[in-house]
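The next block holds one structure in the form of structure tokens; read it before the comments.
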Amino acid sequence: MCQYIQQQENIIEGLINDIKNLSSQTAELMIRLKILKTENELLRRKLEQLESCKGN
């Protein structure tokens, strides 16, 4: 019985660690996404500026 409880605790601990890792990866991906969105917006503005210069 004690061995079964220990196995269950190990499984739960492993699941908790997996969730922590996934949370960390999700946070990292969200930061990368925000950076890419910002870069995209800056490039879009530069393109608009270049197109307006080209038109003049």
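The values are calculated or read from the model by the stated rules, or taken from the named source; none is laboratory data. What you see is a predicted model; the values in this text were computed from it and never measured. Neighbour counts are summed over all protein chains in view; Cβ atoms, including those assigned to glycine, are modelled from backbone coordinates with ideal geometry. Each accessible area value is taken on the protein alone, full model and side chains, heavy atoms only, with ligands, DNA and RNA left out. Shrake-Rupley method; radii C 1.70, N 1.55, O 1.52, S 1.80 Å.
Being open to solvent by less than 90 Å² (accessible area, probe 1.4 Å) and not polar (S, T, N, Q): is that true of Glu13 here?
Numbers: open to solvent by less than 90 Å² (accessible area, probe 1.4 Å): no; not polar (S, T, N, Q): yes.
No; evaluated as a whole, the condition is false for this residue.
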key: Verdict on Leu29 being open to solvent by less than 100 Å² (accessible area, probe 1.4 Å) and out of contact with any strand residue (DSSP E or B) (no Cβ under 6 Å at 6 or more places or on another chain)   = no
key: Subset tally (residues that are modelled with pLDDT of 95 or more and not in a helix (DSSP H, G or I)) for the stretch 6-56   = 0
Filter result for the condition that a residue is free of Cβ contacts under 8 Å to residues at least 40 places away in the same chain and exposed (fewer than 10 other Cβ atoms within 10 Å of the Cβ), over Gln3, Gln8 = Gln3
